[in-house]
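Colleague: Just passing along the structure, written as structure tokens.
The values are calculated or read from the model by the stated rules, or taken from the named source; none is laboratory data. Bear in mind the structure is a predicted one, so any value in this text is a computation, not a measurement. Ideal geometry is used to build each Cβ from the backbone, glycine not excepted, and the neighbour counts take in all protein chains shown. Only protein heavy atoms, including side chains, enter the accessible area calculation; ligands, DNA and RNA are left aside. Shrake-Rupley method; radii C 1.70, N 1.55, O 1.52, S 1.80 Å.
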Amino acid sequence: MAEQPFTTHQLFHSKQEKLEEEILNFYQETQDSTVTIQVLLATKVRYQLGDTSFHLFMKGLVRHLFAKATVNRALRRYFFFFADYFTKDEWQKLTARCFPAEPVTTELFEVTEANTLGADLSAAESS
């Protein structure tokens with residue numbers, strides 16, 4: 001597992017402006033959307049715990065990650081936690097981007113169970 005660039009103390013005790021600056025610098029240096037979205041999710045937890053200054057924290061960066069960054073497992077995994085950052089129309093477009101409809105192809109075939117007891121009886125009757 002990759003080492004996290006921020007400690008829990010930083011995430012839950014730093015002032016909003018300082019944390020915003022550090023997250024932005026981290027993303028600009030590394031372009032690591034996986035760790036960045038995880039850190040932003042932690043700030044959503046901080047908001048849910050009662051720190052109202054983190055409401056829609058770094059909205060611009062969140063919108064950039066989902067609209068422009070390469071879609072990866074982390075973005076898909078945490079996608080629904082950030083619904084309030086987008087309008088309904090944007091959300092539909094982003095849903096299609098993150099979860100594209102894959103063509104479904106199936107081969108139809110019939111599976112029949114061999115009745116071995118019946119085969120044994122048929123063989124015995126014909127003898």
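Colleague: Checking residue 60 against (1) part of a helix (DSSP H, G or I); (2) buried (at least 16 other Cβ atoms within 10 Å of the Cβ): exactly one of these is not met. Which one?
Modeller: (2)
Colleague: Residues of segment 10-40 being outside any helix (DSSP H, G or I) and either open to solvent by 40 Å² or more (accessible area, probe 1.4 Å) or aromatic (Phe, Trp, Tyr) (or both), which ones?
Modeller: Residues satisfying the conditions are 15, 31, 32.
Colleague: Sticking with this structure for a sec: Pairs only if they're at least six apart or on different chains, beta carbon under 8 angstrom, first in segment 49-75 and at positive phi, second among the hydroxyl-bearing types (Ser, Thr, Tyr) and surrounded by 12 or more Cβ atoms within 10 Å (Cβ to Cβ); list them, first residue then second.
Modeller: Filtered contacts from segment 49-75: 56/85; 58/43.
Colleague: Anything in segment 65-102 that is surrounded by 12 or more Cβ atoms within 10 Å (Cβ to Cβ), over 13 Å from the mean Cα position of the chain (by Cα) and assigned to a helix (DSSP H, G or I)? List them, or say none.
Modeller: Within segment 65-102, 67, 85, 90, 91, 93 meet the criteria.
Colleague: With respect to residue 111, determine if the residue is open to solvent by less than 50 Å² (accessible area, probe 1.4 Å), assigned to a loop (DSSP other than H, G, I, E, B) and at pLDDT below 95.
Modeller: So residue 111 does not fit the description; no.
Colleague: Still on this structure, please answer the following. Quick one: would you say residue 41 is touching a helix residue (DSSP H, G or I) at 6+ places or on another chain (Cβ under 7 Å), closer than 18 Å to residue 78 by Cβ and modelled with pLDDT of 95 or more?
Modeller: yes
Colleague: If the Cβ limit is 8 Å and pairs must be 6+ apart or interchain, which residue in segment 7-34 that is within 16 Å of residue 58 (Cα to Cα) and free of Cβ contacts under 8 Å to residues at least 12 places away in the same chain pairs with which residue that is in a helix (DSSP H, G or I) and of a type outside the set (A, V, I, L, M, F, W, C)?
Modeller: Filtered contacts from segment 7-34: 14/22.
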